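Undergrad: Provided herewith is a single structure, encoded as structure tokens, for subsequent inquiry.
The values are calculated or read from the model by the stated rules, or taken from the named source; none is laboratory data. Keep in mind the model is a prediction, meaning the values are calculated, not measured. Ideal geometry is used to build each Cβ from the backbone, glycine not excepted, and the neighbour counts take in all protein chains shown. Accessible surface areas use protein heavy atoms only, side chains included; no ligands, DNA or RNA. Shrake-Rupley method; radii C 1.70, N 1.55, O 1.52, S 1.80 Å.
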Amino acid sequence: MMQPPLIPQDWPNRAASRHIFCAPHLWHVQEMGTGPTLVLIHGAGGASHSWRGLVPFLSAQYHLVIVDLPGQGFTRLGARHRCGLDAMAEDLARLIAEEAWAPLAYIGHSAGAAIALRLAEIAPTRAVIGINAALGQFEGVAGWLFPIMAKLLAAAPFVAQIFSRLAGNPAKVASLLASTGSTIDATGRELYLQLLRMPTHVDATLAMMAQWTLEGLLSRLPRQTTPCLLLTAANDHAVPPAKSAQAAQRMPAARWHDMPGYGHLWHEEAPETVAPLILEFLSTLPPAQTPGDMKAKP
């Protein structure tokens, strides 16, 4: 039986945390608030803490379900080969079904936005919101070099432990966060430092990178009819806002909104500017479909 990872006493919203076994993973989930359900999905290398600033704004009107992706944060990885886009979306859909959640919307950051879109294909919902969504392939040399490097790193013994030791110091974390174009406060830097000092978290992040592929999802964007809001920050140094703009043009029910002055971790550095955009979009959704119309696709 898998043992749940120890959650630090100072972890944001720790009182709302619990572990749920849903094959093949032991999921770390935080639940708070009442009302229609929103499922929040962090990006690669993140965890539940990344939503801490948005929680007070959203939980006043909605029931929030915040999950750590397999192996990342405080979710115990049950099958290392299930860290890719399709596998994680399928496993999340199973968790949602077993817990009988009926999400009004999926909200994802970066790679979590791609997972949210794939999840909407498997377990339909009424809306998807992507914040600085990672909806583009690497270009040029990086297009073939980065995936190969990720696979090599993920396969090499002890890489996660070595990387965790090298990167798990305050200066490295501050530099890494600054490279995203965002300005993160001391509390946020400390939380990322805790994550980078966890070899299991680093290992799962590397496995996610190694197994990541977007071709299928991107090819189906013109058939994605779920209402979608793609939010980008103009100073994002990790994912060009143009990727979301291009994706929105290909999706029949999507719109794109760009915000100046913030970076890839916009929802962490200025949640008070993100929350009104989310709340306004959710308030304009069309009436709910009948249960028969909301059946999951095979």
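Undergrad: What share of the DSSP beta bridges in the chain is antiparallel, in percent to the nearest 5?
TA: The antiparallel proportion sits near 30 percent.
Undergrad: Report the local net charge at residue 88: Lys and Arg +1, Asp and Glu -1, summed over other residues whose C-beta lies under 10 Å from its C-beta.
TA: Residues close to residue 88 contribute a combined charge of -1.
Undergrad: Also, quick follow-up: Give the accessible area for residue 192 in Å² (nearest 10); use a 1.4 Å probe, count only protein heavy atoms, and leave out ligands, DNA and RNA.
TA: 30 Å²
Undergrad: Continuing with the same structure: Using the per-residue mean of other Cβ atoms lying within 10 Å as a proxy for protection, in what order, highest first, do the peptides 201-209, 90-98, 172-180 fall?
TA: The peptides rank, most packed first, as 201-209, 90-98, 172-180.
Undergrad: Something else about it: Within a Cβ distance under 12 Å of residue 53, other residues only, what is the Lys/Arg minus Asp/Glu net charge?
TA: Computed value for this residue: -3.
Undergrad: Rank by packing, highest mean first: peptides 20-26, 214-220, with packing defined as the count of other Cβ atoms within 10 Å averaged across residues.
TA: The most tightly packed comes first, giving 20-26, 214-220.
Undergrad: Counting only the heavy atoms of the protein chains, how much of residue 185 is accessible to a 1.4 Å probe, in Å² to the nearest 10?
TA: We get 90 Å² for residue 185.
Undergrad: Counting only protein heavy atoms and a 1.4 Å probe, tell me what percentage of the chain's accessible area is made up of carbon and sulfur.
TA: Looking at the chain in its full context, I get 61 percent from C and S.
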